[in-house]
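Student: Handing you a structure now.
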Amino acid sequence: MTSFRKLFQDATGLQPYPYQEALAGAPRLPEVLSAPTGAGKTAAVVLSWLYRRRFSSSEVRGQTPRRLVLCFPMRTLVSQAAAACRGWLQRLEFLDEGRGLDRGEGIGLHVWMGGASDDDAHLHPEKDAIFLGTQDMLLSRALNRGYGSSRFRWPWDFALFSNDCLWIFDEIQLMGAGLATGLQLDALRRTFGTFGPTQSLFMSATLDPSWLVTVDHLTPGQVHSLGPSDLAFPELKKRRTAPKSLRRARAEFQKDDLKPLAREVAEHHVPGTRTLVILNTVDRAVSLLAALEKEKALKGTNRVLLHSRFRPPERAAALAEATRPGFDGIVVSTQIIEAGVDISSRTLFTDLAPWPSIVQRAGRCNRFGELDQAAIFWIDHPGGMPVDEKAALPYEPSHLESARTALSALDGASCEELENAHVRLDAPEFPHVIRKRDLIELFDTTPDLSGADIDVSRFIREGEERDVQVFWRDLRGERPTRELPAARREELCPVPFLSLRKALEARTAYRWNHIDGEWRAVAAAAVFPGGLYVLDAAEGGYSERTGWDPKSKSPVSVLAEDGPPEEDVTSDPWSEIGSWVALSTHATDTGVAMTEILDALAFSNLPFATLVRSARAHDLGKSHPVFQETMLKSRPESEAGTLWAKSGLRGARHKRAGFRHELASALAWLQNGADEDRELIAYLLAAHHGKVRLSLRSLPRDAQPPDPRQLNSRGIFQGDALPQTDLGEGGLFPATTLSLAPMQMGREGGRQSWAEIVLGLRDRFGPFRLAFLEMLVRAADVRASMREEKK
């Protein structure tokens with residue numbers, strides 16, 4: 001059997017540290033990993049998970065989740081970790097880059113960073129995979145409100161990130177509200193239950209275990225850290241004793257005038273080396289870059305700007321240049337570079353920051369011990385006066401005061417003295433902590449009629465750090481049409497939501513309305529964190545050199561102009577696959593796909609027979625005359641009596657506005673389905689597109705019946721009739737007259753209302769497991785459709 005040592009060497013070309021070997025071989029993974037910067041925490045957890053998942057005993061493999069979720073506070077950390085994971089998997093020949101049906105037995109690598117994605121990971125819940133992303137992208141999905149994602153996909157990502165997952169929270173000292181949410185979700189998964197094992201592990205070079213206690217997460221858990229044998233390794237010893245001195249900068253903190261700091265940076269920059277300046281806000285970083293460009297002493301010196309308000313291509317290019325071996329120049333960055341990024345400088349300037357951040361930033365000076373001398377300069381606030389609250393942003397003034405006291409006592413100290421300093425770590429403050437009742441409310445993805453949702457941003461980030469995503473298209477002063485291609489990840493720029501609100505004084509932003517199926521202009525007050533907005537490229541707002549810039553009027557380059565449009569409540573793209581498939585055939589194919597998934601998962605507590613029955617019956621409502629009329633628009637010669645599930649037609653619209661076949665499926669099953677798990681099957685049939693879940697109501701643009709007193713919902717009218725329907729393999733479902741009585745409050749004829757049914761199922765299974773069952777039906781449906789499309 002392969003040893004962890006050999007696996008680690010094959011993946012990295014290095015010998016593992018003792019703490020890394022101990023982590024891989026532990027009977028159970030710890031809850032906390034504390035290791036100094038540069039000690040290989042990411043390699044430790046990723047390769048330990050891989051070893052435990054693929055090479056350990058059957059007992060350990062069964063206890064190790066299929067999905068490894070690496071959650072980071074910053075995009076730069078995601079990019080670097082993703083590149084490292086890709087390299088390790090490639091060298092071990094485990095990387096599975098297949099998509100759709102082309103998945104093998106390797107390990108998938110999926111990145112959630114900066115918004116929308118066409119990722120199909122939810123179609124393969126039985127496959128081993130590594131997920132990486134920012135806390136914005138991952139925690140919003142774990143809260144059933146995925147940023148940058150179609151709302152109809154929220155429940156599937158919620159299920160994917162809540163079941164059979166090992167969550168790794170890295171650099172937790174930078175996560176703020178996200179840390180409390182990660183801790184609470186870990187506790188709530190144990191409370192509600194999940195399918196498959198789940199666990200969370202929290203990592204940092206600077207942490208206090210007391211940080212990891214919340215109202216439901218009552219103890220920090222087991223802490224795993226380095227021992228004397230690790231610290232004796234030459235590489236680690238060289239890093240810990242690297243020569244570098246700590247000094248107070250002459251230039252003091254000034255919000256608007258960065259010229260004194262620019263002069264001092266120019267004075268201390270050593271040609272032929274890298275100078276790194278880490279400032280606390282994007283505005284200060286941009287202003288310093290402008291001031292440095294006016295310094296005559298720096299004429300011809302390379303200067304690079306790094307912060308979080310770039311689109312992915314420009315951000316990646318800047319990071320690649322800043323970290324390029326042999327780089328000669330000045331890198332101006334925000335705190336996005338202070339953790340996890342392998343960059344080393346001869347000279348480092350840093351704004352005053354909380355002590356954990358100071359330690360992390362100092363680790364970017366002479367990081368590898370490659371230089372004989374190096375210097376760190378910290379920028380104090382004026383005159384030793386208390387730190388002003390506005391000047392402290394995005395941090396708390398008290399945290400900066402604690403760091404200032406420690407730094408003042410260490411002026412002139414060495415690297416070792418800095419690392420060994422005993423400084424009281426200020427406990428993070430969590431003004432918003434998600435509770436059990438919040439999570440239960442978030443299970444419902446139904447918006448109000450104005451399109452508003454529960455705002456989860458307070459559980460993910462704090463204050464002005466809460467973002468929206470924007471992208472630019474050539475709108476030419478016109479409102480986008482419904483055919484506008486959906487945003488792609490590479491064109492999305494994160495923007496503080498308050499900054500976009502202010503920017504709308506001079507330009508127009510549009511947001512997709514999934515109910516009406518159109519892009520609508522947005523008032524400034526209606527911009528909320530997590531939203532996705534399109535701007536007119538001609539109106540500016542972005543510089544490839546400095547990122548988001550609402551003052552810029554220069555046209556913005558457009559990075560993508562093709563692809564499928566956004567989805568609305570009436571669209572049904574997988575019913576139009578370019579080929580004709582009978583309803584009975586699709587029912588059989590989906591049952592087969594479900595059986596394959598369940599056999600591979602091998603969870604003893606999954607309702608196997610119920611899920612297979614749900615898979616076969618999921619499109620029962622497509623026998624409805626409205627749906628069949630749409631299918632036959634391009635096939636009038638269809639053989640009599642054939643009911644179709646898929647057509648060769650593209651972009652067809654139902655005669656009845658708002659018609660949803662999955663509601664017809666659910667109502668029919670409630671009336672005439674088998675008694676065993678009747679309500680669960682009905683719910684899974686309704687929910688498999690993510691468009692009919694907890695609420696049955698008529699939407700504003702739904703077709704209305706001739707009699708206004710007639711019950712109706714989502715294009716289904718009281719008394720609609722379904723014919724006898726072949727569900728494959730000899731299963732005939734009887735002709736059914738649909739009743740919408742379940743949409744009424746209270747019981748009728750002893751039957752429960754729809755709300756009672758769904759709330760009962762949520763309480764029976766818990767929100768995580770019920771969403772997982774929804775996702776399984778969706779996965780089986782799409783996989784069957786993909787196979788049929790290929791035929």
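Student: Can you tell me which of 237-247, 658-668 comes out highest on packing, and rank the rest after it, using the mean Cβ neighbours within 10 Å?
Tutor: Final packing ranking: 658-668, 237-247.
Student: Dipole magnitude of region 353-504 about its Cα centre, charges +1 at Lys/Arg Cβ and -1 at Asp/Glu Cβ only, in debye to the nearest 20?
Tutor: 560 debye
Student: Using a 1.4 angstrom probe on heavy atoms only, work out the carbon and sulfur share of the accessible area of region 279-373 in %.
Tutor: Whole-percent figure for carbon plus sulfur exposure: 52.
Student: Sort 172-182, 620-630 for me by packing, meaning the mean count of neighbouring Cβ atoms within 10 Å per residue, highest on top.
Tutor: 172-182, 620-630
Student: Can you order the peptides 673-681, 525-533 by their average number of other Cβ atoms within 10 Å per residue, highest first?
Tutor: 525-533, 673-681
Student: Work out the charge dipole of the chain with +1 on the Cβ of Lys and Arg and -1 on the Cβ of Asp and Glu about the Cα centre, then indicate which of 371, 445, 26 is farthest towards its positive end.
Tutor: Comparing the listed Cα positions along the dipole, 371 ranks first.
Student: Where only protein heavy atoms count, and the probe is 1.4 Å, what is the accessible area per residue for region 459-544 in Å²?
Tutor: Accessible area per residue: 40 Å².
Student: Which whole-Hz couplings ³J(HN,Hα) result when phi for each residue of region 678-683 is put into the Karplus expression 6.51 cos²θ - 1.76 cosθ + 1.60, θ = phi - 60°, listed in order with x for Gly and Pro?
Tutor: Calculated HN-Hα couplings, in order: 4, 5, 5, 4, 4, 5 Hz.
Student: Mind running the shape call on region 694-787? Use the C-alpha gyration tensor, a ≥ b ≥ c as the square roots of the eigenvalues: rounded below 1.5 for a/c, prolate if a/b tops b/c, oblate otherwise.
Tutor: Taking the square roots of the gyration eigenvalues as a ≥ b ≥ c, region 694-787 is oblate.
Student: If contacts are Cα pairs under 8 angstrom and at least 6 residues apart, what is the relative contact order of region 1-116 in percent?
Tutor: 22 percent
Student: Could you do me a favour and compute the accessible area per residue for region 258-339, 1.4 Å probe, result in Å²?
Tutor: I get 37 Å² per residue for region 258-339.
Student: Continuing with the same structure: If I fit a long axis through the Cα atoms of helix 397-409 and take the longest principal axis of the Cα atoms of the chain, what angle between them do I get, 0 to 90°, rounded to 10?
Tutor: For 397-409 against the chain, the angle is about 30 degrees.
Student: Using a 1.4 Å probe on the protein chains only, how many percent of the accessible area of region 698-791 belongs to carbon and sulfur?
Tutor: Solvent-exposed carbon and sulfur of region 698-791 make up 51 percent of the total.
Student: Output the 0 to 90 degree angle, nearest 10, between the alpha-carbon long axis of helix 767-790 and the longest principal axis computed from the alpha carbons of the chain.
Tutor: 70 degrees
Student: Now, a different point. How high is the relative contact order of region 450-528, in percent, with contacts defined as C-alpha pairs under 8 Å that are six or more residues apart?
Tutor: After rounding, I find 32 percent.
Student: Can you work out the base-10 log of I(q)/I(0) for the chain at q = 0.07, 0.08 1/Å, using the Debye formula on its C-alpha atoms alone?
Tutor: -0.56, -0.72
Student: Could you name the aspartates and glutamates in cross-link range of residue 296, using Cα to Cα under 18 Å and dropping any fewer than eight places away on the same chain?
Tutor: 257, 264, 267, 328
Student: Leaving out ligands and nucleic acids, note down the accessible area per residue over region 41-172 with a 1.4 angstrom probe, in whole Å².
Tutor: Roughly 24 Å² per residue, with all protein chains present.
Student: How far is it, in nm, from the label point at residue 516 to the one at residue 595 when both lie 7 Å from their Cα along the line to the Cβ?
Tutor: That separation, rounded to one decimal, is 4.8 nm.
Student: Hey, what's the Cα Rg ratio for region 150-282 versus the globular rule of thumb, 2.2 N^0.38 Å?
Tutor: Expressed relative to 2.2 N^0.38 Å, the Cα Rg reads 1.55.
Student: Sorting 596, 314 by accessible area (1.4 Å probe), largest first, what list results?
Tutor: Of 596, 314, the descending order of accessible area is 596, 314.
Student: Heavy atoms only, probe 1.4 Å: what % of the accessible area of region 3-53 goes to carbon and sulfur, would you let me know?
Tutor: 55 percent
Student: Could you give the distance between the Cα centres of region 473-538 and region 732-791, to the whole Å?
Tutor: Measuring centre to centre over Cα atoms gives 34 Å.
Student: Based on the Cβ-Cβ distance of residue 525 and residue 697, what FRET efficiency does E = 1/(1 + (r/R0)^6) give at R0 = 35 Å, to the nearest 0.05?
Tutor: 0.85
Student: OK, next. Can you pick out the pairs among 646/791; 259/551; 41/237 whose Cα atoms lie more than 19 Å from each other?
Tutor: 259/551
Student: Now a separate question. Using alpha-carbon pairs under 8 Å, 6+ residues apart, how would you state the relative contact order of the chain in percent?
Tutor: 13 percent
The values are calculated or read from the model by the stated rules, or taken from the named source; none is laboratory data. These figures come from a predicted structure and were not determined experimentally. Note that we place each Cβ from the backbone using ideal geometry, even for glycine, and neighbour counts take in every protein chain shown. The accessibility values were calculated without ligands, DNA or RNA, using every heavy atom of the protein model including side chains. Shrake-Rupley method; radii C 1.70, N 1.55, O 1.52, S 1.80 Å.
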